[in-house]
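In what follows, a structure is listed as structure tokens, so that the remarks can point back to it.
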Amino acid sequence: IAMYDAKAQPGTTFRHYQADMGGRADLGSELRDAIRDDQLFLLFQPIVTLDEDRRVLGAEALVRWAHPVHGTLAPDAFIPVAERTGLIVPLGRWVLRDSLRRMAEWPAGTVLNINISARDLREPDFAEVVAALLAEYGVAAGRITLEITESMPVDLGESHAVLHALRELGVKLALDDFGTGSSTLSLLHDVPIDEVKLDRSFTQAPGDRVTVAAGVAHLAQAMSLHAVAEGVETEEQLQRLRTLGYTAAQGYLFARPMPAADFEALLPTAAVPA
Ligand code: C2E
Ligand code: MG
Ligand code: MG
Ligand code: MG
């Protein structure tokens with residue numbers, strides 16, 4: 001069960017998820033109402049360049065649930081429930097709509113990474129849904145990158161057409177938590193990927209794990225993929241990543257996930273304070 005780190009969200013009061021808050025089934029039925037009643041909200045974590053400027057390229061949208069009794073819940077507390085109950089589909093559509101609604105107000109150069117579920121890719125009309133929302137909010141397809149976690153079982157047989165339809169639209173695709181899944185290389189081979197996100201275990205681990213970070217950097221370069229390092233917390237990690245050739249990153253060193261208004265204050269050109 002995920003604990004929400006209250007320190008991570010200055011200016012907002014959060015309560016920790018309690019183990020006795022009730023069964024998963026209850027949470028599932030509450031989640032259905034939560035999606036309908038707009039109890040979900042997005043935080044935005046800046047993605048910055050790794051040079052001295054630390055220019056804000058965009059952000060990753062990260063969902064939270066403002067639960068009326070239990071306080072703000074982190075995704076680990078409810079995404080698995082959503083996956084099991086099928087509510088991940090309406091949840092994902094809520095996330096997409098809210099993301100694009102926000103993006104319509106941002107400078108056109110600002111990009112956004114949005115996490116999707118393997119389940120979305122099994123919805124035959126998913127690319128049409130994305131296209132319709134992009135059109136509704138007047139956001140160019142190339143401004144969004146959909147993140148696929150490779151630990152989720154992407155059934156390529158079922159998802160292939162949807163992935164290619166998304167690519168056709170001009171939407172970008174990223175492999176999230178890159179390096180932790182068992183199917184890393186075969187996915188790269190089969191899916192039209194634009195970006196890999198180095199899992200934070202490799203960003204943060206010292207010693208021989210640096211070899212993985214280096215290998216991913218080389219792979220990305222060879223395949224012309226954008227490489228983003230996740231979970232950068234120290235200057236030492238930043239320096240190491242820079243040496244390895246990474247040009248973009250996100251992590252607590254730069255900024256924690258923040259409310260939309262705070263992220264918008266960083267746009268279009270302001271640097272993120274260290
Ligand atoms: P993720 O997509 O890999 O997102 C990165 C996670 O790492 C976020 O956790 C973020 O807050 C955290 N993080 C960022 N920088 C640092 C750092 O420097 N150190 C550490 N220790 N952590 C850092 P969060 O927000 O709790 O999200 C957890 C996961 O939940 C996400 O992992 C993603 O897989 C899933 N998720 C989040 N939002 C959505 C969503 O809208 N839809 C779906 N389907 N999944 C989502
Ligand atoms: Mg992600
Ligand atoms: Mg990740
Ligand atoms: Mg993750």
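Could you sort Met258, Met103 by their accessible area in this structure, using a 1.4 Å probe and putting the largest first?
Met258, Met103
For the range 245-261, take each phi angle, set θ = phi - 60°, evaluate the Karplus expression 6.51 cos²θ - 1.76 cosθ + 1.60, and give the result in whole Hz per residue in order, putting x for glycine and proline.
x, 6, 10, 9, 7, 9, x, 4, 4, 8, 6, 8, x, 9, x, 3, 4
5 Å is the cut-off here: which amide hydrogens, built 1.01 Å from N in the peptide plane, fall below it relative to Met258, excluding neighbours closer than 5 in sequence?
Phe44, Gln45
Which value, in nm² and rounded to one decimal, describes the direction-averaged projected area of the C-alpha convex hull of the range 162-248?
The Cα convex hull of the range 162-248, projected and averaged over all directions, gives 5.6 nm².
Show me 74-81, 231-238 ranked by packing, highest mean number of other Cβ atoms within 10 Å first.
74-81, 231-238
In debye, nearest 20: dipole of the range 79-205 around its Cα centre with unit charges on the Cβ of K, R (+) and D, E (-)?
About 340 debye.
The values are calculated or read from the model by the stated rules, or taken from the named source; none is laboratory data. Values in this document were obtained by computation on a predicted structure and should not be read as measured data. All Cβ positions, glycine included, derive from the backbone under ideal geometry; neighbour counts span all protein chains shown. Side chains are part of the model used for accessible areas, which takes the heavy atoms of the whole protein and leaves out ligands, DNA and RNA. Shrake-Rupley method; radii C 1.70, N 1.55, O 1.52, S 1.80 Å.
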